[in-house]
Amino acid sequence: MYRSDLQLSPDIAGDYDLSVYLIGMPSYFEADKGLSVCVSSWQRNADNALPPRTKASGGYLNSSLAIHDAKQAGFDSAILLNQAGNVGEGAVMNLFMVKDGELITPTTDADILEGITRRTVIELAKEQSIPVVERTINRTELYTADELFFCGTAVEISWCAKVDNVKISSKEGPISRKLHESFINLPTTHPGLFTKVPS
Ligand SMILES: Cc1ncc(COP(=O)(O)O)c(C=O)c1O
């Protein structure tokens, strides 16, 4: 969705309009391989600079810088800390950590994008009586997590094997697996959520 007059001006003015494109998406990551990510030296853009809760195209520069750096250093992707120095999210994906049976994810005031997949994961966990805690996550908690996974429209649910070369797990953990399976099975278990696109 955009708003623009034919003008060279940074003022957001003019009529609102909507442009839609459809594009086939190959898998973002290798499904069976756990991700190896780093904590980026790039910080998540702050709410009073470029609101992260909006999916604004300009905001993607933040994720791009982190992903580019991470790939250059041999990682699959990156985690961005927010301006307070706490965990925000993965680059273009929200983050969940499992610790002592609890599913923990940063709060919506942690400079994250409030992703629709994040919301779905929380709902699926609640349906399965997995305790969900939204709270601040410190960087070093990542290293001691029992399980870690990312979620988003593009990455779906992708488990994380290593953060900063610190091993988290060698296979998808049981809670991540359970949520991943229920996510994949959503069209069967919750058919009302899906609308058939006319061919
Ligand atoms: C920065 C960022 N965080 C998280 C997400 C995941 O959001 P969603 O589940 O709505 O795709 C995205 C998706 O594009 C994103 O760009």
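Give me the residue from the range 120-140 that is in a loop (DSSP other than H, G, I, E, B) and among the hydrophobic types (A, V, I, L, M, F, W, C) and, out of that set, farthest from the ligand (Cβ to nearest atom).
First, the residues of the range 120-140 that are in a loop (DSSP other than H, G, I, E, B): 128-131, 135-138.
The next check asks that each one be among the hydrophobic types (A, V, I, L, M, F, W, C); those that pass are 130, 137.
Working: Ile130: 19, Ile137: 15 Å.
By that ranking, first place goes to Ile130.
Considering each residue of the range 120-141, count those that are buried (at least 21 other Cβ atoms within 10 Å of the Cβ) and either more than 18 Å from Gly101 (Cβ to Cβ) or out of contact with any Phe, Trp or Tyr (no Cβ under 9 Å at 6 or more places or on another chain) (or both), and give that number.
1
Of all residues in the range 1-29, count the ones that are closer than 19 Å to Gln72 by Cβ and either out of contact with any strand residue (DSSP E or B) (no Cβ under 8 Å at 6 or more places or on another chain) or of a type in the set (Ser, Thr, Tyr) (or both).
The number of residues fulfilling the criteria is 1.
Strands (runs of 3 or more DSSP E) wholly in the range 1-119 with at least 1 residues that are more than 16 Å from the ligand (Cβ to nearest atom) - which ones?
35-39, 94-99, 102-105
Which residue pairs have Cβ atoms under 7 Å apart, sit 6 or more places apart or on different chains, and have a first residue in the range 115-136 that is more than 19 Å from Thr188 (Cα to Cα) and a second that is within 13 Å of the ligand (Cβ to nearest atom) and in a helix (DSSP H, G or I)?
If the second residue must be within 13 Å of the ligand (Cβ to nearest atom) and in a helix (DSSP H, G or I), the pairs left are Val132/Ile122.
Rule-based calculations on the coordinates, nothing more; no lab input. If you're wondering where the values come from, they're calculated on a predicted model, not measured in any experiment. When we count neighbours, we look across all protein chains shown, and the Cβ atoms used for this are built from the backbone with ideal geometry, even at glycine.
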